[in-house]
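Chemist: Quick one: structure below, then a few questions.
What follows is calculated from the coordinates using simple rules that are stated; it is not laboratory data. A quick note: this is a predicted structure, and the numbers were derived from the prediction, not measured. Reconstructed Cβ throughout: ideal geometry from the backbone, glycine too, with neighbour counts over all protein chains shown.
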Amino acid sequence: MSEYLLEVKNVSKFFYGLKAIDALSMKVKKGQIYGIIGPNGAGKTTLFNCITGIYTPEEGQILWMGKEIKGTAPHKIAELGILRTFQTIRLFSEMSVAENIMSGRHIKSKQKWYNGIIHTPAYYKDERENWEKVGELMEFFKLSQYATTPAGDLSYGVQRKIEMARALAAEPELLILDEPAAGLNENETLELAHTIKEIQKMGVTIMMIEHDMEMVMSLTEYITVINFGAKISEGVPAFVQDDPIVIEAYIGIDDEDES
Amino acid sequence: MDIFLQQLVNGLTIGSLYALVALGYTMVYGVMKLINFAHGDLVALSAFVGLTVYTQIFGEGVSSLIAIIVVFVFTAAIIAFVGVLLERLAYRPLRTAPRLSAVVSALGAGLVIQNTIMLMWGPNMKIFPSNLFPQTLWDFGGVVMTFTQVMILGLSSVLMVALFLFINKTKMGTAIRATAIDQDAAKLMGINVNRIIMVIFIIGSALGAVAGLFIGIYYRGITFDMGWLYGLNAFVAAIMGGIGNIPGAMLGGLMLGLFNAMITGYISTQWAETFTFILLIVILIFRPTGILGEKVAEKV
Amino acid sequence: MSNINFNKNSVMAIGVLLVMGIFPLFVDSAWLAIGTTFLVFAVVAFSQDIILGRAGVFHMGHAMFFGLGAYTTAVLNVHFGWPILATWAPAVLVPLVVALLLAGPIIHLRGDYLLVATIGFNIIFIQVLQNNIFGITGGPNGIFGIDVVRVFGVELFEQTHMYYMAFILLGITLFIMKNLDQSKFGRAMFYINKDDVAAQSMGISIRYYKLYAFALGAGIAGAAGSMFAVQYSAVSPEAFDVISSIMFFTIVLVGGSASLPGVLLGTFVMFVLPEVFREFETARYLVFGLAMILTMILRPRGIWPVKFGNIPAFLKKDVK
C-alpha cells in the first residue's frame, strides 16, 4: 500500500495536438485538503477530468492507492471511491433534491437486478436505508425543506450544496470539488468553508480547485499551482503564497472572483 | 463487366438523388440538431407539384429547354416556400423545447404533407409524363445511359459544387457554418439566426425539390407516400456520411446509391434494405459519428 | 410497508382501472376488439417508454420486439404444436435476448445515430419475415390459425376473455413500471437520461442501464406481442413495421415521457381516437398530423408530463 491515496505522475493530456496538461505530478495524502490553483484555462478542470476518467491522458500514470487507474471508465472510478462536483453545475435539474442526492447512493445500494421488476424484503430494507442516508445529508446541508423541489428551480448556492451532498452520499474516499465557491456570496462562502472542514472530519480526503484565495489559503494543507498545463509551484499555503513565480503568474490577471 | 458498368451508372444516378435529399437533412440537422422527418414528404410533394406545373402550363408532350427550366425553377420555388412555412409553423415554436418534441412535430408535419398530397392528387399512383426530357439514350458497348441520367448526374454535380462553394466561400456560408457550431455565439456575433435557418430551409427544400422532380422523371410512377422510402434512404446516407456534415451527405448519398445498385445487380433485390442497414450499422460500429462526422468531445 | 394514501392521483387511477374493468359489459364486439388492442398497445407503449422515456434512448424500432413476441408464439404454436401457455416464456425471452444482442454493439451511439440504427433493425426484421426465412414466418401473409389459450381444459376463445387477459397483462406491466420507478434501476435510467456525465460520475454504468432498459422493454413488448397474436389468431409483418414503431415512439412523447397516465393517455389519443373518427376516412390523418404538431407546441413535454419528487413520506416532513 502506497503512503499516498492518489498519485499523479507525469500526466499529459492533448487536445487536437495542443497540450492541455503538461507532465503534471502530484501526491495527495489521505485525510488532506489539497488545493489546486492557477489562472483560468490553466488545465485544472482537465486534470480533474483525467482523474475521474472522463478523459484518458495520453501520457503518465494515475495511481489510486498504488494501483494504476488511468483509462478506467468514470463509473468505475466512482465505485473506487472518487466522487466529484462540477464547475458548471450538473444536477438532474427536473428531479427533486432528494432524488438528486439519492443518485449518490447508487453504488452503495445493494439491490439485485430483479428488484427493478419485483420487490423483496431485502429491497425494502435497502431502499429505506438509502433514503434515510439521503435524509441525513439533507439535514447536514440544510436542504430538508427543498426535498421535493426540482433542483433546477433553486439558487446557485443551494445547487452547489446539492452537488456536494450528492457526491458525499456515495461515501467517497476522495471528494473532488471543482470551484465550489464560484458564484457564492460571502456568507455562503463562509458556510462552505465550514462544511468542507466538517467533511474532512468525517475522514474524507478533499481535492479542490478554487479561485477564492482567502478560502484556499485558510483551508488547504498543500497546494499545487498550475499554469499553461504545467506545475509552476507547490507547497504549503504559506510557501506558495510568497513564491515569486506564482505571484508573477497571477500579475495582470484580472480575476473576477477576487474583485 | 457490363453489369458492373451499368450498375455503376445506375448507382451514381440514384446516389446523386439520395445525395440531393440527404443535403436537406444534413443542413437542417447541422444548424437545428433536428431530424426533419417531413423532408422526404417534401420531396414527394415536389414530384406532384412538378407534374401539375408541367401539365397545366405546357400541356403534356411539350419538350423544350424553357419548359424544363420553368418546371424546375417554379417547382423548386414552391417547395422552398413550403419548407420555410414548415419551419415557421412546426419547428420554430419548438426551438427551446426538448429535442424529441420537434421530432414528433416533424413526424406530424410529414403526415400532413403526405395526406395533403393524397387529398389533392388522389391515393393512386400518378404517372409522370415521359416527354419533358427527350427520350434520347446512348449505348456505350452495352452500357446504356439515358438523357435523364445524364441530366441527373450533371445537374446534381453542378448543384453540389455550387452548394460547396456557397458554404465555404461566401459570407452567408460562413455565417451558416458558424451557426451550426454554436448558435448562441453566432447570435452574439450579430448573425441573424432566424435568417440563417430560413436560408437553410430554402436551400434544403429546393435541392429536395430538384430530386423529387428527377424521381418523377426517372421512375415515372409517383405515389403520395413515396417520400418515406426516398427520405429514409437519403437520411441513412446522411447518417453514413456523418449527419450535419455537407460533404458527408454527398459522399453518403453516392456511396449508398452505388452500394444499392451493386446489391440489386449482383445479389438480390429482396434483401436490398437489409444490406443497406447492415452497411449502416457496420459503419456506425467502426465510425460512431459517420464517415466524415467529427468526434464530439463534450465540454465538462 | 407501503401505506396507501388516497390522494387525487390514486383515486383517479382506481377510477380509470374500474372503467376499463367494466368496459366489456357495455360495448359490442367491434369495440371490445378495439378495447383489447388498446390494452395491448398500451403495454407496448409502456415498454417503449422504459427505453425512450426513462433511459432516454432514441429507440424507433420497438415494433420489432412486439413482433418477435407475436411470431414466437405463432411459430411455436402453429409449426411446433406448443400450447399457447407454453409459448409465453419464450415470447418474452426471445425478444429480450435479441434486444441484448442487437443493442449491445450500438448502445454507445449518440441519440440520432442510434435512432437510425434501431429503425434499421426493424426494417431488417420485416424483410426477414417477408422473405419467409427458414420457411417458418409465412412470408408477407404471415401465420394463421393460432390456437386459443387453454387453462385446465377451459378454452378462452371469446373476445371478453381476450379483453381480460390483456387487462391482466396491462396490470402486470403497470405493477412492473411502478416497481421500476421505485428502484435503483429506474432511477439510474432517469439519471442517465437527464445528465449522462453526472450519472457516470456517480458510479452509474450507462451501458448497463441502457441495456437493462432494452432487455426489460423488449421482454414486455414480447409478452404484448404474444397476446396480440392470440387476439387475432394470426400474425403478419405489416403490424410490426417501422410505421408501428413510429406510432409507439409518438405515443410516448405525445402522452408524456416516463409518465404512467401520460403514456396511457397517449395510447388512447394515438390509437383509439383515430378509430372513433374512422368515418372521416381520408382527412383523418391530415388532422392527426396537425394535432401532433399542435400538441407538441402547446405541451412540449407531453399531454400529461411526468412529475418527479416521488420520495418517501418521512423525507417530506420539513417541506414547507
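Chemist: Check the straight Cα-Cα distances from residue A:70 and name the aspartates and glutamates below 12 Å, setting aside those fewer than 8 residues away within the same chain.
Modeler: Leaving aside aspartates and glutamates fewer than 8 places away in the same chain, those within reach of residue A:70 are A:7, A:58, A:59.
Chemist: Further, regarding this structure: May I ask for the angle, rounded to the nearest 10°, between helix A:156-169 and the longest principal axis of chain A, with both axes built from Cα atoms and the value confined to 0 to 90°?
Modeler: Value to nearest ten degrees: 70.
Chemist: Rounded to the nearest 500, what is the 222 nm mean residue ellipticity of the protein assembly as shown from helices alone, with -39500 (n - 2.57) per DSSP H run of 4+ residues and division by all residues?
Modeler: It comes out at -18500 deg cm²/dmol, rounded to the nearest 500.
Chemist: Give me the distance between the Cα centres of region C:251-314 and region B:1-75, rounded to whole Å.
Modeler: What the calculation gives is 35 Å, centre to centre.
Chemist: Let me know the shape class of region B:171-300, please: from the alpha-carbon gyration tensor, a ≥ b ≥ c as square roots of the eigenvalues, rounded when a/c is under 1.5, otherwise prolate if a/b is greater than b/c, or oblate.
Modeler: It comes out oblate by the Cα gyration axes.
Chemist: Here is a follow-up. Counting other beta carbons within 10 Å of each residue's own, what order do B:138, C:82 fall into, fewest first?
Modeler: The order, fewest Cβ neighbours first, is B:138, C:82.
Chemist: Decide, for the protein assembly as shown, between rounded, prolate and oblate: order the square roots of the alpha carbon gyration tensor eigenvalues as a ≥ b ≥ c, take rounded if a/c falls under 1.5, and otherwise choose prolate if a/b is larger than b/c, else oblate.
Modeler: oblate
Chemist: Oh, and also: May I ask for the net charge around residue C:157, where only other residues with Cβ less than 11 Å from the Cβ of residue C:157 are counted and Lys, Arg are +1 while Asp, Glu are -1?
Modeler: After counting each charged neighbour, the total is -2.
Chemist: Say R0 is 41 Å: what FRET efficiency, to the nearest 0.05, do residue B:165 and residue C:283 get from their beta-carbon distance?
Modeler: For residue B:165 and residue C:283, the calculated efficiency is 0.40.
Chemist: I've got another one for you. Mind giving me the nanometre distance, one decimal, between the label points for residue A:156 and residue C:157, set 7 Å out from Cα along Cα→Cβ?
Modeler: Those two pseudo-labels are separated by 7.4 nm.
Chemist: Test of understanding: given chain A, find the longest segment containing no chymotrypsin sites (Phe, Trp or Tyr not before Pro) that are in a DSSP loop and have at most 15 other Cβ atoms within 10 Å.
Modeler: A:17-227
Chemist: Which entries of A:19/A:67; A:27/A:67; A:29/A:197 have Cα-Cα distances beyond 19 Å here?
Modeler: A:19/A:67
Chemist: Using only the Cα atoms of region C:2-315, build the gyration tensor, take square roots of its eigenvalues as a ≥ b ≥ c, and label the shape rounded, prolate or oblate: rounded if a/c is under 1.5, else prolate if a/b is larger than b/c, else oblate.
Modeler: Note, shape of region C:2-315 comes out rounded.
Chemist: Can you sort C:201, A:109 from fewest to most other Cβ atoms within 10 Å of each residue's own Cβ?
Modeler: Neighbour counts put them in this order, fewest first: A:109, C:201.
Chemist: If you don't mind, another one. Which of the aspartates and glutamates could a cross-linker bridge to residue A:76, judged by Cα under 14 Å and excluding same-chain residues fewer than eight apart?
Modeler: A:68, A:173
Chemist: If the reach is capped at under 20 angstrom between alpha carbons, list the aspartates and glutamates near residue B:187, excluding any in the same chain fewer than eight residues apart.
Modeler: Counting by Cα, and skipping residues close in sequence, residue B:187 has these aspartates and glutamates nearby: B:87.
Chemist: Please work out the Cα center distance from region B:118-197 to region A:118-152, rounded to the nearest Å.
Modeler: 56
Chemist: Express the relative contact order of chain A as a whole percentage, based on alpha carbon pairs under 8 Å and six or more residues apart in sequence.
Modeler: Reported as a whole number, the value is 26 percent.
Chemist: Each residue of region A:227-244 in turn: what ³J(HN,Hα) in whole Hz from Karplus with 6.51, -1.76, 1.60 and θ = phi - 60°, glycine and Pro shown as x?
Modeler: Values per residue, Gly and Pro as x: 9, 6, x, 10, 6, 10, 6, 7, x, 6, x, 4, 5, 4, 4, 9, 5, x Hz.
Chemist: Before anything else, pin down the relative contact order of region C:2-315: Cα pairs under 8 Å, at least 6 apart, normalised by residue count, whole percent.
Modeler: It comes to 31 percent, rounded to a whole number.
Chemist: Let me ask something else. Which of C:10, C:257, A:25 comes first, and how do the rest follow, when ranked by fewest Cβ neighbours within 10 Å?
Modeler: C:10, A:25, C:257
Chemist: Next up: Pull up the DSSP beta bridges for region A:88-234 and report the antiparallel fraction as a percent, rounded to 5.
Modeler: 50
Chemist: Okay, next question. Rounded to the nearest 5, what % of the DSSP beta bridges within the protein assembly as shown are antiparallel ones?
Modeler: 65
Chemist: For region C:2-315, how many pairs of lysine residues have a Cα-Cα distance under 21 Å, where the two are 8 or more positions apart or belong to different chains?
Modeler: Summing the qualifying lysine pairs gives 10.
Chemist: Please average, across the residues of A:99-109, the number of beta carbons from any other chain that are within 10 Å of each residue's own beta carbon, and give a whole number.
Modeler: Taking the mean over all residues of the peptide, I get 6.
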